[in-house]
Amino acid sequence: MIHGPYFEDTLVGSKVLPFLLREQASLIEAGHCAPEFVLCNEHRVVSLWDDDKPVCATVWQYYPNSKSAWSYLLVTHKDYWRQGLYTKIHEALSQRMVELGVMIRHSEQWLTNGKIFDAAGKNGMRPYLFRMKKDL
Ligand SMILES: CC(C)(COP(=O)(O)OP(=O)(O)OC[C@H]1O[C@@H](n2cnc3c(N)ncnc32)[C@H](O)[C@@H]1OP(=O)(O)O)[C@@H](O)C(=O)NCCC(=O)NCCS
């Protein structure tokens, strides 16, 4: 049975870390994530579990001076896709951010990752910046 969300103040020592590392590896292989480290020890983490295993999680950082927060790597295990877990964790995290005084929630998405635009859009996220690059 799905339980959570569970909030932790750091990734260090979190039982969710191996799950996040596996999911990031899959995203890199799918071309939906830069081949570099996204996670850092300072990240906070929130997770949903099915019995004894994490099945949906994200990491995030709170910036009190700008009343903003960023979430990174919001992932659901593929066996649990389309069961509302993204929505559940997204809403719980927004609520926690509001309690902290956050006024703007940010995230970055890769253009190649089409369905995340549907999922994020459905949860109130709107594009506001187009990042450009040139490979040299
Ligand atoms: C994108 C992802 C996080 C969605 O998680 P999820 O738990 O399946 O999402 P939900 O069940 O809460 O779905 C929420 C909405 O997202 C959209 N959505 C989710 N999966 C979709 C898909 N395959 N195609 C189109 N829309 C999709 C739908 O609008 C859905 O609402 P609906 O089911 O009522 O139509 C999940 O597919 C995933 O982990 N993918 C790999 C990791 C990833 O790309 N993470 C984002 C970048 S870090």
> When only residues in segment 114-128 that are within 15 Å of the chain's Cα centre (by Cα) and over 19 Å from Gln83 (Cβ atoms) count, which is nearest to the ligand (Cβ to nearest atom)?
Replying inline: Phe117
> Considering only segment 1-28, how many residues are of a type in the set (Lys, Arg) and in contact (Cβ under 8 Å) with a residue 24 or more places away in the chain?
Replying inline: 1
>> Residue under question is Gln109, and the condition is that it be surrounded by 12 or more Cβ atoms within 10 Å (Cβ to Cβ), closer than 22 Å to Val16 by Cα and more than 16 Å from the chain's Cα centre (by Cα); does it hold?
In response: no
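Give the residue, chosen from Leu129, Leu100, Leu111, that is among the hydrophobic types (A, V, I, L, M, F, W, C) and at pLDDT 95 or above. Spell out the reasoning first.
Numbers: Leu129 fails: at pLDDT 95 or above; Leu111 fails: at pLDDT 95 or above.
Of the residues listed, the single one that is among the hydrophobic types (A, V, I, L, M, F, W, C) and at pLDDT 95 or above is Leu100.
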>> Can you tell me how many residues within segment 74-96 are surrounded by fewer than 19 Cβ atoms within 10 Å (Cβ to Cβ) and either out of contact with any Cys (no Cβ under 8 Å at 6 or more places or on another chain) or of a type in the set (D, E, K, R) (or both)?
In response: 13
> Under the condition of being loosely packed, with under 12 Cβ neighbours inside 10 Å and without any contact (Cβ under 8 Å) to a residue 24 or more places away in the chain, which residue from segment 48-65 is nearest to Phe7 (Cα to Cα)?
Replying inline: Asp52
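The values are calculated or read from the model by the stated rules, or taken from the named source; none is laboratory data. As the structure is a prediction and not an experimental result, all values here were calculated from the model. All Cβ positions, glycine included, derive from the backbone under ideal geometry; neighbour counts span all protein chains shown.
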